[in-house]
Amino acid sequence: MSDVAKSPEVWHPSARYVAQSNIAAFAAWVRERNGLDVSDYNDMWAWSTEDLPGFWSAIWDYYRVGESASYDEVLSSEQMPGAHWFSGAHVNLAEYILRQGNAQDIAIVTVGEAGDRSEVTWAQLRRDVGALAATLRTLGVEQNCVVVGYLPNISETIIACLATISLGAIWSGVGQDYAGQAAIDRFAQLEPVILITADGHEFGGKQRDQRAAVEQLRAGLPTVTDVIAVSRLGLERIPQTIDYSDAIADEAQFAPVMVPFEHPVWVLFSSGTTGLPKGMMHGHGGVILEQSKLLGLNWDLKRSDRFMWYTSPSWVMWNCLLGGLTAGGSVVCYDGSPMAPGPDALWQIVAETGVTIFGTSPGFLGASQDAAIKPAADFDLSALRTIGSTGSPLPPRSFRYVADEVGDIPLFSMSGGTDVAGSFANGSPNVPVWSGELSVRGLGIALQSWDDDGNAQLNEVGEMVITKPMPSMPVKFWNDPDGAKLRAAYFEHFPGVWRHGDWMTITDRGSVIVHGRSDSTLNRNGVRMGSSDIYAAIEAMDEVSEALVIGAEEADGGYWMPLFVVLHEGVILDDELRSRMKQRIREQASPRHIPDEIHAVAHIPHTRTGKKLEVPIKRLIQGAAYEDVVNPEVVDLPEAMDHFRHIASDRLALVAIRI
């Protein structure tokens with residue numbers, strides 16, 4: 001406990017700050033409604049996890065999701081999987097969002113890398129969603145049909161999602177940072193009927209023409225009957241497509257279809273570590289409750305706020321950005337590189353658009369610090385009142401950097417996931433921020449740290465588990481009729497308990513320390529991808545026999561992603577071959593997952609059943625002892641591990657110097 005106790009407090013809420021917060025208003029409402037004193041966050045968390053029906057019905061009523069009489073029961077049981085929420089209720093996420101804002105207020109601001117900017121009012125948002133939904137309906141879209149988006153982070157993407165789900169159809173989207181084949185791997189299994197896309201986007205100072213990728217998607221998605229295309233770059237129109245401007249041209253009344261609480265709203269994808277990415281389906285009602293609770297209470301999002309998270313439609317944080325509209329304020333979509341034209345690009349956008357709540361990644365904060373950027377001195381950040389970070393554990397140096405160079409505002413580190421379209425641990429306006437820690441466990445989330453025997457523990461590193469159901473847990477996986485994939489993903493390691501795959505510590509003051517992934521997902525700046533996408537690109541090369549890629553969170557907050565390759569006899573790993581490997585990954589997997597280094601090795605170690613030892617090698621690189629992560633008896637070629645042991649030792653020494 002000694003190390004935890006020494007974590008310095010870097011922000012403390014004033015009495016006035018707490019009094020003006022949404023969570024204080026909610027606590028007062030609960031006191032009047034239920035006769036409970038939950039003004040202390042830990043008391044509120046205890047109530048929210050001990051009385052799930054009482055807490056979630058309070059969220060339902062407080063945020064006016066629907067009439068109390070419109071559901072039969074809040075929760076069928078606490079069994080996982082198999083719990084059902086708000087039976088008998090009918091809701092629609094698009095309907096819920098579009099009744100929030102004032103007509104003439106700004107709902108969405110889109111900013112491009114070149115400085116272009118556009119705004120959409122709430123009235124225009126309602127109008128365009130209704131118009132696009134009517135067009136989709138004429139194209140044959142109805143309940144349970146799938147519409148997919150291959151789009152940058154722009155207002156049209158939000159409109160396309162809302163229009164789709166307003167019909168009771170199912171949305172799934174990825175950003176154009178994904179190569180065409182990576183998008184096909186996700187979309188083809190959904191058998192979509194409509195593709196909504198764009199001619200391209202700008203990233204890193206270059207216009208990226210995506211028309212060839214769109215044609216690749218069209219060829220790889222035979223169930224698609226129509227393609228709607230946004231002109232983002234003003235290029236020659238993609239043949240045989242419906243122009244987006246035509247798709248929203250006709251006036252049509254917004255007419256949402258109210259669907260059962262657990263009706264699928266979208267499909268989000270796992271990273272695909274062990275095969276094709278798995279499609280996770282969340283329900284309309286669960287998303288409404290989780291987003292309203294998370295953003296309203298923990299993030300203190302109000303109608304007066306302007307919310308920006310640097311993200312891509314490939315990542316669940318885009319869905320949280322969309323969820324920011326549940327507060328009735330505005331969101332900022334940024335379409336471009338966070339480092340162009342310079343490393344201070346996002347800070348400039350935050351200042352110019354008056355962002356009040358800004359979300360980013362540990363990588364960006366670390367890059368800002370390394371570039372000696374002084375955001376508060378260089379920009380007018382007077383509107384900014386909260387910063388968020390997720391994607392990987394946030395190191396202590398970033399907490400110090402924000403306190404010193406941004407201002408006396410809370411920095412909320414958050415841990416959650418695509419899996420629940422929300423967060424498990426985060427911050428709260430009525431709790432201090434401690435360096436290197438997530439201040440609180442999420443309300444309504446029975447989060448615990450378990451040892452290998454399934455015992456709950458404090459102040460010790462263990463597996464992150466959820467012991468009771470959440471409304472936003474997946475209602476099912478795509479193409480998983482008997483639920484076998486869902487059970488295997490979360491509930492088999494500890495039967496009936498959600499095991500998330502993170503190493504974590506829960507302190508005795510209720511804060512959380514996340515130590516990184518306990519699996520082999522590549523998680524760079526919060527954009528997750530499975531190693532299989534990298535292998536598909538590299539192992540198809542004539543020069544390569546086999547490859548291994550590792551993504552390791554490091555002690556100083558860095559993220560090291562090396563690629564190891566076994567080359568065919570006579571092949572030399574020179575700069576030209578390295579360049580071609582990186583180009584293949586950029587084109588066939590993702591430009592955000594280019595390896596930091598590429599090393600030639602004699603062998604890739606496997607288990608005796610043929611599985612690459614990704615996780616053990618990752619843990620070696622992170623500092624674990626060899627005997628704790630590798631049993632030589634199960635390795636097909638134990639001596640192949642020697643090279644990786646030396647690499648891990650050298651890397652740890654380098655990180656120690658940086659610290």
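In the range 23-39, the residues that are open to solvent by 70 Å² or more (accessible area, probe 1.4 Å) and modelled with pLDDT of 95 or more reach residues that are in a loop (DSSP other than H, G, I, E, B) and among the hydrophobic types (A, V, I, L, M, F, W, C) with C-beta atoms within less than 9 angstrom, at least six apart or across chains, in these pairs: R31/V38. Mind telling me which of the residues A602, A625 ends up being more than 30 Å from G366 (Cα to Cα) and at pLDDT 85 or above? The unique qualifying residue is A602.
Of the residues making up the range 507-528, just one is touching a Phe, Trp or Tyr at 6+ places or on another chain (Cβ under 8 Å), open to solvent by 10 Å² or more (accessible area, probe 1.4 Å) and at pLDDT 80 or above, namely V514. The condition (being at pLDDT 95 or above, open to solvent by less than 20 Å² (accessible area, probe 1.4 Å) and either farther than 20 Å from G112 by Cβ or in a loop (DSSP other than H, G, I, E, B) (or both)) is satisfied by just one residue among L325, L321: L325.
Scanning the range 271-289 for residues that are at pLDDT 95 or above and surrounded by fewer than 24 Cβ atoms within 10 Å (Cβ to Cβ) turns up just one, M281. Scanning the range 88-102 for residues that are farther than 17 Å from T121 by Cβ, surrounded by fewer than 20 Cβ atoms within 10 Å (Cβ to Cβ) and polar (S, T, N, Q) turns up nothing. In the range 250-269, the residues that are farther than 16 Å from R137 by Cβ reach residues that are among the hydroxyl-bearing types (S, T, Y) and open to solvent by less than 50 Å² (accessible area, probe 1.4 Å) with C-beta atoms within less than 8 angstrom, at least six apart or across chains, in these pairs: F261/Y71; F261/S87; W266/S172; V267/S172; L268/S172; L268/T418; F269/S172; F269/T418. One residue alone among T386, T356 is at negative phi, among the hydroxyl-bearing types (S, T, Y) and open to solvent by less than 10 Å² (accessible area, probe 1.4 Å), and that residue is T386. All conditions but one from (1) in a loop (DSSP other than H, G, I, E, B); (2) open to solvent by less than 20 Å² (accessible area, probe 1.4 Å); (3) hydrophobic (A, V, I, L, M, F, W, C) apply to V402; the one that does not is (1). Residue pairs whose Cβ atoms lie under 9 Å apart, sitting 6 or more positions apart in sequence or on different chains, and linking a residue in the range 622-644 that is of a type in the set (G, A, S) to a partner that is surrounded by fewer than 12 Cβ atoms within 10 Å (Cβ to Cβ), are A640/A602.
Contact map, the range 62-79: residues that are closer than 17 Å to P260 by Cβ paired with residues that are at pLDDT 95 or above and open to solvent by 60 Å² or more (accessible area, probe 1.4 Å), Cβ distance under 6 Å, separation 6+ or inter-chain. Pairs shown: S76/H84. Condition first: of a type in the set (D, E, K, R) and surrounded by fewer than 24 Cβ atoms within 10 Å (Cβ to Cβ). Can you find one or more residues in the range 150-161 that meet it? No, that holds for no residue.
Residues considered: V571, V615, V549. Of these, the only one that is open to solvent by 30 Å² or more (accessible area, probe 1.4 Å), among the aliphatic types (A, V, I, L, M) and within 30 Å of S398 (Cα to Cα) is V615. When P396, P410, P375, P362 are checked against the criterion of being open to solvent by less than 10 Å² (accessible area, probe 1.4 Å), out of contact with any strand residue (DSSP E or B) (no Cβ under 8 Å at 6 or more places or on another chain) and not small (G, A, S), P375 stands alone in meeting it. Among the residues of the range 328-344, those that are open to solvent by less than 20 Å² (accessible area, probe 1.4 Å) and either at pLDDT below 95 or in a loop (DSSP other than H, G, I, E, B) (or both) comprise G328, G329, G336, S337, A340, G342. Is it the case that the range 110-122 has a residue that's of a type in the set (S, T, N, Q), more than 21 Å from L233 (Cβ to Cβ) and modelled with pLDDT of 95 or more? Yes; the residues of the range 110-122 include at least one that is of a type in the set (S, T, N, Q), more than 21 Å from L233 (Cβ to Cβ) and modelled with pLDDT of 95 or more.
Here D508 clears all of (1) over 18 Å from the mean Cα position of the chain (by Cα); (2) closer than 30 Å to L567 by Cβ except the condition numbered (2).
Scanning the range 595-651 for residues that are on the phi < 0 side of the Ramachandran plot, of a type in the set (G, A, S) and not in a helix (DSSP H, G or I) turns up A600, A602, A624, A625.
Restricting attention to the range 574-603, the residues being under 28 Å from D209 (Cα atoms), touching a Phe, Trp or Tyr at 6+ places or on another chain (Cβ under 7 Å) and crowded, with 18+ Cβ neighbours inside 10 Å number 1.
The values are calculated or read from the model by the stated rules, or taken from the named source; none is laboratory data. Keep in mind that what you see is a predicted model, and the values were worked out from it rather than measured. Ideal geometry is used to build each Cβ from the backbone, glycine not excepted, and the neighbour counts take in all protein chains shown. Side chains are part of the model used for accessible areas, which takes the heavy atoms of the whole protein and leaves out ligands, DNA and RNA. Shrake-Rupley method; radii C 1.70, N 1.55, O 1.52, S 1.80 Å.
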